[in-house]
Amino acid sequence: MGSPTSFLRQNNRILRCFVLMFLSCITARIKLCSNLPVTSNNILELNPLDGASSLRTLSLHGHFSFDDVHHAAKDFGNQYQYYPLAVLRPKSVSDISTTVKHIFQMGPGSKLTIAARGHGHSTQGQSQAHRGVVINMESLRKPEMQINTEKLPYVDVSGGELWINILHESLKYGLAPKSWTDYLHLTVGGTLSNAGVSGQAFRHGPQISNVYELEVVTGKGEVINCSEKQNADLFYGVLGGLGQFGIITRARIALEPAPKMVKWIRVLYSNFLAFTKDQEQLISTKKTFDYIEGFVIINKTGLLNNWRSSFNPQDPLQASQFDSEGKTLFCLEMTKNFNPDDTDMVDQEVESLLSQLSYIPSTLFVSEVSYLDFLDRVHHSEIKLRSNGLWDVPHPWLNLLIPKTRIHDFAEEVFGNILTDTSNGPVLIYPVNSSKWDNRTSAVIPEDDIVYLVAFLSSAMPSSTGTDGIEHILTKNKNILEFCDVRKMGVKQYLAHYTTHDEWKAHFGPRWETFVKRKSTYDPLAILAPGQRIFQKALPFS
């Protein structure tokens, strides 16, 4: 027999092995809708396996940051702050795969989770991971952007690439993506995890309808290429999947010939019925405008100064003299793409289209800008807002998708009673064709042939207790949602944010079971995207 010392040492090793085996064999269970603390003051108790020491052992091309993590605890919404344990700055897809696989292999006894963070424009803490790992996707520059100019042109890009960079690069080849968001300083992975909607969606569908192929790191750390024909379930699950099934590390995005110029048009309505009738007519016509949006203006005069500042009409005198007389007005915003050689023909097409509309005749305002300047229009406003300290404020946004059959009931109550002014930020309203949305993806929209996006893009002033304060705006949002719920309007949230199991289940409706099945297949330990608060690691399905 050995000495008492060696006997004790051997028993200690056996005990440690037993503890590790016990922790790793705890049944993996997932619970819906965790309620995380709003700040880092209440730190979750962590298993010893969850410490930074295990992450430091990983062999990576990039690196972890354990001290400089404050930026990853903040997003554009500026309402939630969940401090991570570490921030991964990957230099390769294998860095992401290695990290996810490591945490997956730690088993359900570890509380470590992972959130992919792009340019930080989430509004409800969705890209944060309390005491987990945040992956800075902008650090991932592989693969380098590749443009294919053949019969069906496309661009291969990293999931951390910004759309504005894709635009600049593709324009060098006379090409551009088909579908956009209003703001282009967002990452590919971020918008494809939601849907990606703007005024081109009526024709081309959202951005998730214009993707040929993806590379995804699942919640098990597997790197999988997927498309309509290869690993299709994962492909469609990840598109609009809120980051729940995998991290998008590469995307192949459809391109089309890009115009050089845009004729940018705005007209006003005082009659909501005429406004929606014209919008629906335009998106249902084959020969129409290339971009169609609208927005609401309540209790405003001198309207030109309250529109997005990048719009400069060719007749500023007429525009500045227009007075709303205190009425609620609805602005229809349209563009027609063209190249300089086709100016006369485009002018005729625009004149013909406008002649079919019922807007207030004196409110036809027209501008001509480059295609690049139009698509990047919100960034021009961002620069001005930043200079005045008005960009990094709370943004309690509410985005709704509303069936065409209920939009008039919605407008009567919300624009007539609940919303008393639009001074806190723009209120967008425009229709899209449901047929352009692929129902195999995870994104859900109301069941109607035409659906309206209504976006309340509010900005709150810090420390204010008035109508521009965060509490007032959140109360307004709550009142809007309660009205929709009581009237059973069949509304869906875009950029969804819910706090209860029943709300998430109602949001996905008959597709909820598919969503849960995909979660159990591709991220069985609920490691990914904890900030969405749909699933909680290591607690049961329900």
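Observations on the model:
- Test result for HIS472, part of a loop (DSSP other than H, G, I, E, B) and on the phi < 0 side of the Ramachandran plot: no
- Residues in segment 165-184 that are outside any helix (DSSP H, G or I), among the small types (Gly, Ala, Ser) and open to solvent by less than 20 Å² (accessible area, probe 1.4 Å): ALA176, SER179.
- Residues in segment 47-65 that are over 16 Å from VAL134 (Cβ atoms) and either at pLDDT below 80 or touching a Pro at 6+ places or on another chain (Cβ under 8 Å) (or both): ASN47, PRO48, LEU49, GLY51, HIS61.
- Test result for PRO462, touching a Leu at 6+ places or on another chain (Cβ under 8 Å), within 21 Å of GLN124 (Cα to Cα) and either at pLDDT below 95 or among the basic types (Lys, Arg) (or both): no
- Residue check for ASP376: open to solvent by 10 Å² or more (accessible area, probe 1.4 Å) and modelled with pLDDT of 95 or more: yes
- Any hit, segment 401-419, residues being surrounded by fewer than 17 Cβ atoms within 10 Å (Cβ to Cβ) and in a strand (DSSP E or B): no
- Filtered residue count, segment 110-159, keeping only those that are in a loop (DSSP other than H, G, I, E, B) and without any contact (Cβ under 8 Å) to a residue 60 or more places away in the chain: 8
- Close pairs from segment 169-193: first in contact (Cβ under 8 Å) with a residue 40 or more places away in the chain, partner among the basic types (Lys, Arg) and buried (at least 22 other Cβ atoms within 10 Å of the Cβ), Cβ under 9 Å, at least 6 apart: THR187/ARG117; VAL188/ARG250; GLY190/ARG117
- Check on LYS300, at pLDDT 95 or above, over 28 Å from SER434 (Cβ atoms) and part of a loop (DSSP other than H, G, I, E, B): no
- Among the residues of segment 104-144, the ones that are more than 16 Å from ILE248 (Cβ to Cβ), in contact with a helix residue (DSSP H, G or I) (Cβ under 6 Å, 6 or more places away or on another chain) and open to solvent by less than 40 Å² (accessible area, probe 1.4 Å) come to 9 in all.
Residues checked against (1) touching a Ser or Thr at 6+ places or on another chain (Cβ under 6 Å); (2) modelled with pLDDT of 90 or more:
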position	(1), (2)
PHE272	no, yes
THR276	no, yes
SER284	no, yes
LEU304	yes, no
PRO313	yes, no
GLN321	no, no
PHE330	no, yes
MET334	no, yes
ASN337	no, yes
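- Checked against the criterion of being part of a loop (DSSP other than H, G, I, E, B), under 25 Å from PRO396 (Cα atoms) and open to solvent by 20 Å² or more (accessible area, probe 1.4 Å), segment 185-192 has at least one qualifying residue.
- The strands (runs of 3 or more DSSP E) found wholly in segment 205-283 and carrying at least 3 residues that are closer than 28 Å to SER127 by Cα and open to solvent by less than 10 Å² (accessible area, probe 1.4 Å) occupy 211-218, 246-257.
- Only one of VAL262, VAL238 that is at pLDDT 95 or above, under 20 Å from ASP523 (Cα atoms) and not small (Gly, Ala, Ser): VAL238
- On inspection, PRO84 passes the criterion of being crowded, with 16+ Cβ neighbours inside 10 Å, part of a loop (DSSP other than H, G, I, E, B) and at pLDDT 95 or above.
- Taken together, the residues in segment 149-164 that are within 15 Å of the chain's Cα centre (by Cα) and open to solvent by 10 Å² or more (accessible area, probe 1.4 Å) amount to 2.
- Residues (assigned to a loop (DSSP other than H, G, I, E, B) and free of Cβ contacts under 8 Å to residues at least 60 places away in the same chain) located in segment 482-502: LYS488
- So ILE360, is it surrounded by fewer than 21 Cβ atoms within 10 Å (Cβ to Cβ) and touching a Leu at 6+ places or on another chain (Cβ under 6 Å): yes
Here's the yes/no breakdown for (1) closer than 22 Å to LEU60 by Cβ; (2) assigned by the TED database to the domain that holds ILE473; (3) under 24 Å from the mean Cα position of the chain (by Cα):
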residue	(1), (2), (3)
TYR80	no, no, yes
VAL87	yes, no, yes
SER94	yes, no, no
PHE104	yes, no, no
PRO108	no, no, no
GLY118	yes, no, yes
HIS121	no, no, yes
GLN124	no, no, yes
GLY132	yes, no, yes
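The values are calculated or read from the model by the stated rules, or taken from the named source; none is laboratory data. This structure is a prediction, so every number in the text was calculated from the model and none was measured. Don't worry about glycine lacking a Cβ; one is built from the backbone with ideal geometry, like all the others, and counts go over all protein chains shown. The protein model used for the area step is the full one, side chains on, heavy atoms only, and it has no ligands, DNA or RNA in it. Shrake-Rupley method; radii C 1.70, N 1.55, O 1.52, S 1.80 Å.
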